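Colleague: Submitted below is the structure of interest, expressed as structure tokens.
Nothing in this text is a laboratory measurement; each read-out follows from the coordinates by a stated rule. All values reported here derive from a predicted model rather than from experimental measurement. Using ideal geometry, Cβ is built from the backbone for each residue, glycine included, and neighbour counts are taken over all protein chains shown.
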Amino acid sequence: MSDLETHQAKLAPFLAQQKDGILNLIGGQSVAAASGRTFATTSPVDGSHIADVARSDAADIDAAAQAAKAAFPAWAAMDGKARKKLLHKVADAIVERAEEIALCDCWDTGQAYRFMSKAALRGAENFRFFADMAPAARDGQSLPTASHMNVTSRQPIGPVGVITPWNTPFMLSTWKIAPALAAGCTVVHKPAEFSPHTARLLAEICRDAGLPDGVLNLVNGMGEDAGRALTEHPDIKAIAFVGESKTGSAIMKQGADTLKRVHFELGGKNPVVVFDDADLDRALDAAIFMIYSLNGERCTSSSRLLVQKSIAAEFQKKLVARVNQIKVGNPLDPQTEIGPLIHQIHLDKVVSYFDVARNEGATIAAGGKAMEGDGCYVHPTLFTDARPDMAIAQEEIFGPVLTVIPFEDEDEALSIANDVAYGLAGYLWTNDITRALRFSNALEAGMIWVNSENVRHLPTPFGGVKASGIGRDGGHWSFDFYMEQKNIAIALGNHKITQLGMG
Ligand code: NAD
């Protein structure tokens, strides 16, 4: 049996478990949508039907919000050490079911097993990291004055909504849900309609690990009805959202009437900037990895390669050779580097940029077409001779598509790098440390890696500027979002009332 066949055989029983449909989990109960409506989720590998999924609306969101509200006081009051223990049990169960999670995400999203297997384990790490922070989540400061002792503490904000996208869905969900639970919030999760499978697994894992009913609720459905209702619900105190920038702005409007606190991780058009003094072999490896891994359906992908003119021709030649060697295939095959894109709709969007590139006068140096046959497959693509103002250099394509833009010097590189709506991440390749610091300082991005691909350390802040987001994840930045600061001022003596500072 080949590795692919082994994975297919392992996946079959997991798929069979979902044949009766993917239900919501509200207050610990598996329930269909109140309306009885469903939608189908299919695999981008071959278009086959995976399951019918609850197509929820405002009534289901209301039931979930009520369950989250009812569960909140006890969960928030639970000792942090007890929450830590429960969340570690969740992490243990994720590790035990990591292969199932990885295989299901591959089949549901088209992302390759080599990455999904790591992503599933990363989901467990996210739970462990925030579990360990839970006992100190409420810690504050004492800020004494001559007249008063001020004591601060953090308190969980209340029931929160988590809305997630279809790329790396399991791992991204844990990234939001783990800190929310560790902080003492209860959660209503609305996963992306294109990738509902592993959200159900996460909800089951949390229930089976002993999370009290109503602490994590799952409501499936479309963005415009279930998602919208979640953002408008008065009992939901905050929305953590990962997705497209234009959806972020819709959510901000939808949440305005209930003064929703929002945390947005949005799109990117991230530059990788290669100077002629860099270690070019490593830069080449990283440039390839950061756009052609995870199908290029990755917010931190380096979708613009800015390369210094003195080395551009040679660098591009090597790039073309490497892109043409990338192995596209069934995502269950451990050898596969790029699987099918999430859905026909998304494939059509990515492919539409090939005509845009031709019409704008760029060169398609590799790829540039969808693959023949079943499935949402596309050839990994490289655009060269691009100008910074072209749509292929400005817009998030969100596929295995790299746009190369040459630059003369550091000033020009910086101006091209910053001249986009987005500002999530940036990657610099240079051996000049002064330039690296100067350039990083001026680059409009929330996260910058120098001589490295995206290597994430969980205590560091993750997030973007400009159209790429609002707020940061990671370490205490996550708790800042899911918690409120409270200050208690205690008079130390009988000071004369109104004679002290105002406001
Ligand atoms: P999307 O915005 O279309 O959908 C994301 C989620 O929002 C889905 O669950 C969807 O149902 C829901 N939604 C849609 N409309 C809604 C509405 N009006 N109200 C409430 N919810 C609504 O995004 P996508 O296509 O699923 O994901 C890809 C996008 O996510 C890309 O732009 C990518 O860059 C971004 N992303 C960003 C990060 C980051 O950390 N910055 C990480 C991953 C993905």
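Colleague: Using a Cα-Cα cut-off of under 16 Å, which aspartates and glutamates could be cross-linked to Lys81, ignoring same-chain neighbours fewer than 8 residues away?
Modeller: Cross-link targets: Asp132, Asp139.
Colleague: Could you quote the convex hull projected area for segment 370-503, Cα atoms only and averaged over all directions, in nm²?
Modeller: 15.1
Colleague: Next question, about the same structure. How many percent of Cα pairs in the chain exceed 33 Å?
Modeller: 42
Colleague: Right, something else. I need to check one value: relative contact order of the chain, counting alpha carbon pairs closer than 8 Å and at least 6 residues apart, in percent.
Modeller: Computed value for the chain: 18 percent relative contact order.
Colleague: Over segment 248-345, what is the relative contact order in percent, taking alpha-carbon pairs closer than 8 angstrom and at least six residues apart?
Modeller: It rounds to 25 percent for segment 248-345.
Colleague: What residue among Phe72, Asn24, Leu11 has its Cα farthest toward the positive end of the dipole of segment 1-93, where the charges are +1 on Lys, Arg and -1 on Asp, Glu, each on the Cβ?
Modeller: It is Phe72.
Colleague: If the convex hull of the alpha-carbon atoms of segment 277-398 is projected onto planes in all directions, what is the mean projected area in square nanometres?
Modeller: 7.7
Colleague: A further question follows. Of Thr300, Ala393, Gly339, which is farthest along the charge dipole of segment 271-450 in the positive direction, counting Lys and Arg as +1 and Asp and Glu as -1 at C-beta?
Modeller: Towards the positive end, the residue furthest out is Gly339.
Colleague: Now for a different question. At what distance in nm do the modelled label points of Val455 and Glu204 sit from each other, each positioned 7 Å from its Cα along Cα→Cβ?
Modeller: Output for this residue pair reads 3.7 nm.
Colleague: Then there is this: What's the Cα-based Rg to Rh of segment 255-348, Rh via Kirkwood?
Modeller: On the Cα set of segment 255-348, Rg over Rh gives 1.11.
Colleague: Please tell me which of these pairs span more than 28 angstrom C-alpha to C-alpha: Lys260/Lys349; Lys19/Lys260; Lys190/Lys369; Lys19/Lys118; Lys118/Lys237?
Modeller: Over 28 Å Cα-Cα: Lys260/Lys349; Lys19/Lys260; Lys190/Lys369; Lys118/Lys237.
Colleague: For segment 271-450, with only Lys/Arg (+1) and Asp/Glu (-1) charged at the beta-carbon, what is the dipole magnitude about the Cα centre, in debye rounded to 20?
Modeller: It works out to roughly 340 debye.
Colleague: For segment 345-432, what number results from the quotient of the Cα radius of gyration and 2.2 N^0.38 Å?
Modeller: Computed over Cα atoms of segment 345-432, the ratio equals 1.19.
Colleague: Using only helices, what value at 222 nm comes out for the chain when you add -39,500 (n - 2.57) per DSSP H run of length 4 or more and divide by the total residues, to the nearest 500 deg cm²/dmol?
Modeller: Computed ellipticity for the chain at 222 nm equals -13000 deg cm²/dmol.
Colleague: Answer rounded, prolate or oblate for segment 24-140, using the Cα gyration tensor with square roots of eigenvalues a ≥ b ≥ c: rounded when a/c is under 1.5, else prolate when a/b is larger than b/c, else oblate.
Modeller: Judged from the Cα gyration tensor, segment 24-140 comes out oblate (a/c at least 1.5, b/c at or above a/b).
Colleague: What is the sum of charges, Lys and Arg at +1 and Asp and Glu at -1, for the other residues whose Cβ falls under 9 Å from the Cβ of Val53?
Modeller: 0
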